[in-house]
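Take a look at the structure set out below.
The values are calculated or read from the model by the stated rules, or taken from the named source; none is laboratory data. Not measured: the values here are computed from a predicted model. Every residue, glycine among them, receives a Cβ derived from its backbone with ideal geometry; neighbour counts consider all protein chains shown. We work out accessible area using only protein heavy atoms, side chains counted, and drop any ligands, DNA or RNA first. Shrake-Rupley method; radii C 1.70, N 1.55, O 1.52, S 1.80 Å.
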Amino acid sequence: MAHAPEAHAAEAHAHAEEAFIWKYVFSKNHRVIGIQYYVTAMVMALVAGLLAMLIRLQLAWPQRDWGVLAKLFPMGYDVGGGFGVMRPEFYAMLFTMHGTIMVFFVLSTAPVSGFGNILIPLQAGARDMAFPFLNGLSYWTFFVGCVVILSSFFIGAGAAAGGWTAYPPLSALKGAVPGSETGQTFWIIGMVFFIASFTMGGLNFVTTIINLRTKGLTPLRMPMTLWAMFLVAVLGLLAFPALVAACLMLIFDRHFGTSFFLPTGLVLNNVPLLGPDGKTFLHQGGSPLLWQHLFWFLGHPEVYILMLPALGFTSDILVTFARKPLFGYKSMVGALWAIAGLSFIVWGHHMFVSGMNPYLGMAFAVGTILIAVPSAVKVFNWLATLRGARIRFNTPMLWAVGVVSLFISGGLSGVWLAQSAPDIQLHDTMFVAAHFHLIMAGAALFGVFGATSYWFPKMFGRMMNDTLGKAHFWFTFVTYYGTFFPMHYIGIAGHLRRIYDPYQYEFLKPLQPINQLITISALILGSSQILFFVNFFWSAFAGKKATENPWQANGLEWTTASPPPHGNWPGPIPEVHRWPYEYANPDFPKDPVMQHEPLTAAEMEVKAAEGPSRHEH
């Protein structure tokens, strides 16, 4: 567990003398690796954001001549006769790669691999992750996956275009769409690298949290962020193997003539896919539904891999700026466990329109609606924590309140989609796009922004600019709702998802002004992120230097310097004596009470008289 101070001092001195490439590039330090993950995710977010802006321009003005864009993306626009109108297959590539990059390479990476690496050793009271070399290897495996995914844009007929869910037969037949050729193969390879990286990270997370917690840090003294990271790692370790197996089978279908996902009787471009004899079909007996089951067995836990860190961040940030203990700590931990557990038995609600036994559909519907119970527990406990509080509306607190807002508004639309009858009508509409951009993407994104501004001192030893941070929040909050909330309305009106030109249908033509309003809001939303990038990089190098505990919080990460030295604490690791949310304790002369502060004589008397208390969690 803790190193001897003399041995640690010698190790820290050796680390200080390391060459730049081993200290900051091929590093084994958890904080450096976390920042590497985070910055790489920022680059991937820029790519995904650009794709999103192109999608929105197409939906608002589908037949517009975009001559400038045609010159930038000649593979995606028809330029004959002076026109620059987007091609349908290019549009399919845009939403495929936007979804893939955002879900896996941004929103799974920044909160989990980024902040997980930065915070787990600090909050658990460990010198580093359990396996530092494996930790560094996991980042570079992820980096290779990013390179493979991005390179697919420039190879062959372009990147994958079969949807971010890669449903066969579009993803399994090379000639289905242009992106089904080399681009789809690169998509599969990139995903395998991502999953390998996440698996290495998950093993590190679980081992570190179980084995390297400091003395006194019992499970029910762990902060909510640490609980969230533990459960996310478990979800990934149990769920991702299903997608690895599916990707391997898809590779065999594409390149070695198997038929795991390809049924008999396929016709491509009006030509039957026949075998060498010219009489029997080339593919026999496969099931596209098998891919859907394997993908969504991972896909729904993946939703909570994105969301659980944001829920943990929100709990830690709310109590700090409300200056109150977290209401219902044990029920909050139980709610996280319930959400994580239920996520494994509800994947079928993504497949209501695929066809299934009504009794099976009912089971999936009941399981899905049950997730509303622990979700409501978290919301009401957050509200109870805020009730009567002396709230400090610093930038991290604004983002945390934003998470609560999106979690509520996105969750309410989820109640509709949890039931097969309304979901069958709404499934292929923009209503679903609105729902998951609020509850999944929005909550995760706001959580990342909140965590960035809150733990920035532990990343770089400096403070982010609070004025720029608040401006960034309000621009993002207003335009995020302006972009995605109207999608509920156009979805109920019948606006389809994944459609290149909605206005080829008469009944959708009246919705064009709303789509144009959504696009304007989305463009402002994208542009407002410039504030964040400026604030992030300026503050990292020139921001105000942070003290050890600038927010007056009480977790273990705030008992060491900002940023922490190699090994996190220059001396012995602090011992934990109490739970992580000791605010407004009337038995202690100061506020907050740090986790490593010993119990007072009065507290010891209460403990002896009443037995285990909140200090004994």
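Summed over the range 493-524, residues that are open to solvent by less than 20 Å² (accessible area, probe 1.4 Å) and part of a helix (DSSP H, G or I) total 8. The residue list Ile210, Ile251 contains one member that is open to solvent by 10 Å² or more (accessible area, probe 1.4 Å) and free of Cβ contacts under 8 Å to residues at least 24 places away in the same chain, which is Ile210. Remark: pairs (first residue in the range 26-40, free of Cβ contacts under 8 Å to residues at least 12 places away in the same chain and more than 14 Å from Thr208 (Cβ to Cβ); second residue open to solvent by 10 Å² or more (accessible area, probe 1.4 Å) and of a type in the set (Ser, Thr, Tyr); Cβ separation under 9 Å; 6+ apart in sequence or on different chains) = Val32/Tyr24. Taking (1) open to solvent by less than 40 Å² (accessible area, probe 1.4 Å); (2) modelled with pLDDT under 95 in turn, Leu360 satisfies each apart from (1). For Gly482, the criteria (1) in contact with a strand residue (DSSP E or B) (Cβ under 7 Å, 6 or more places away or on another chain); (2) part of a helix (DSSP H, G or I); (3) among the small types (Gly, Ala, Ser) hold in every case but one, which is (1). Once the range 341-352 is narrowed to residues that are open to solvent by 10 Å² or more (accessible area, probe 1.4 Å) and in contact (Cβ under 8 Å) with a residue 24 or more places away in the chain, the residue that is nearest to Val415 (Cα to Cα) is His349.
On the basis of being under 27 Å from Cys146 (Cβ atoms) and either surrounded by fewer than 23 Cβ atoms within 10 Å (Cβ to Cβ) or among the hydroxyl-bearing types (Ser, Thr, Tyr) (or both), does Ala233 make the cut? No. When residues in the range 114-173 are screened for being more than 20 Å from the chain's Cα centre (by Cα), crowded, with 22+ Cβ neighbours inside 10 Å and among the hydroxyl-bearing types (Ser, Thr, Tyr), 2 of them pass. Scanning the range 174-197 for residues that are more than 13 Å from Asp253 (Cα to Cα), open to solvent by 10 Å² or more (accessible area, probe 1.4 Å), touching a residue at least 60 places away in the same chain (Cβ under 8 Å) and not in a loop (DSSP other than H, G, I, E, B) yields a single hit, Pro178.
You will find that of Val415, Val432, the residue that is outside any strand (DSSP E or B), of a type in the set (A, V, I, L, M) and at pLDDT below 95 is Val415 and no other. Restricting Val373, Val333 to residues that are surrounded by 16 or more Cβ atoms within 10 Å (Cβ to Cβ) and at pLDDT 95 or above narrows the list to Val333. For Met93, the requirement of being open to solvent by 10 Å² or more (accessible area, probe 1.4 Å) and either closer than 30 Å to Trp579 by Cα or touching a residue at least 24 places away in the same chain (Cβ under 8 Å) (or both) is met.
Residue under question is Thr395, and the condition is that it be farther than 30 Å from Phe456 by Cα, crowded, with 18+ Cβ neighbours inside 10 Å and not charged (D, E, K, R); does it hold? Taking the combined requirement at face value, the residue does not satisfy it. May I ask you to list the residues in the range 562-601 that are of a type in the set (Ser, Thr, Tyr) and either over 29 Å from Gly543 (Cα atoms) or touching a Cys at 6+ places or on another chain (Cβ under 8 Å) (or both)? Listed by number, the list holds a single entry, Thr600.
Taken together, Gln419, Gln425 contain a single residue that is open to solvent by 20 Å² or more (accessible area, probe 1.4 Å), of a type in the set (S, T, N, Q) and touching a helix residue (DSSP H, G or I) at 6+ places or on another chain (Cβ under 8 Å), which is Gln419. Screening Asp316 against (1) open to solvent by 30 Å² or more (accessible area, probe 1.4 Å); (2) at pLDDT 95 or above; (3) assigned to a helix (DSSP H, G or I) leaves a single unmet condition, (1). Of all the numbered requirements in (1) open to solvent by less than 60 Å² (accessible area, probe 1.4 Å); (2) touching a residue at least 40 places away in the same chain (Cβ under 8 Å), Gly275 misses one, and that requirement is (2). Report yes if Met86 is modelled with pLDDT under 95, surrounded by 24 or more Cβ atoms within 10 Å (Cβ to Cβ), over 16 Å from Thr208 (Cβ atoms) and not acidic (Asp, Glu), otherwise no. So Met86 passes the test. Is there a residue being in contact (Cβ under 8 Å) with a residue 12 or more places away in the chain, in a loop (DSSP other than H, G, I, E, B) and open to solvent by 70 Å² or more (accessible area, probe 1.4 Å) anywhere in the range 286-304? No, the range 286-304 contains no residue that is in contact (Cβ under 8 Å) with a residue 12 or more places away in the chain, in a loop (DSSP other than H, G, I, E, B) and open to solvent by 70 Å² or more (accessible area, probe 1.4 Å). Among the residues of the range 454-464, some residue qualifies, meaning at least one is open to solvent by 20 Å² or more (accessible area, probe 1.4 Å), in contact with a strand residue (DSSP E or B) (Cβ under 9 Å, 6 or more places away or on another chain) and farther than 25 Å from Ala48 by Cα.
Pro592 fulfils the conditions (1) modelled with pLDDT under 95; (2) surrounded by fewer than 14 Cβ atoms within 10 Å (Cβ to Cβ); (3) out of contact with any His (no Cβ under 6 Å at 6 or more places or on another chain) except for a single criterion, (2). Within the range 556-578, residues that are open to solvent by 20 Å² or more (accessible area, probe 1.4 Å) reach partners that are of a type in the set (Phe, Trp, Tyr) with beta carbons closer than 7 Å, at six or more positions or on different chains, in the pairs Pro563/Phe460.
Cβ-Cβ contacts under 8 Å between residues 6 or more apart (or on different chains), taken from a first residue in the range 47-61 that is in contact (Cβ under 8 Å) with a residue 24 or more places away in the chain to a second residue that is open to solvent by 10 Å² or more (accessible area, probe 1.4 Å) and of a type in the set (Gly, Ala, Ser), are listed as Gly49/Gly526; Ala52/Gly526; Met53/Gly526. Would you check if Ser527 is among the hydroxyl-bearing types (Ser, Thr, Tyr), outside any loop (DSSP other than H, G, I, E, B), surrounded by fewer than 16 Cβ atoms within 10 Å (Cβ to Cβ) and out of contact with any Ser or Thr (no Cβ under 8 Å at 6 or more places or on another chain)? It is true that Ser527 is among the hydroxyl-bearing types (Ser, Thr, Tyr), outside any loop (DSSP other than H, G, I, E, B), surrounded by fewer than 16 Cβ atoms within 10 Å (Cβ to Cβ) and out of contact with any Ser or Thr (no Cβ under 8 Å at 6 or more places or on another chain).
Scanning the range 402-415 for residues that are in contact (Cβ under 8 Å) with a residue 12 or more places away in the chain and open to solvent by 50 Å² or more (accessible area, probe 1.4 Å) turns up Ile408, Val415. Flag: Gly388 matches the condition of being over 25 Å from the mean Cα position of the chain (by Cα) and surrounded by fewer than 16 Cβ atoms within 10 Å (Cβ to Cβ). Of note, Thr479 does not satisfy the criterion of being among the polar types (S, T, N, Q), touching a residue at least 24 places away in the same chain (Cβ under 8 Å) and open to solvent by less than 10 Å² (accessible area, probe 1.4 Å).
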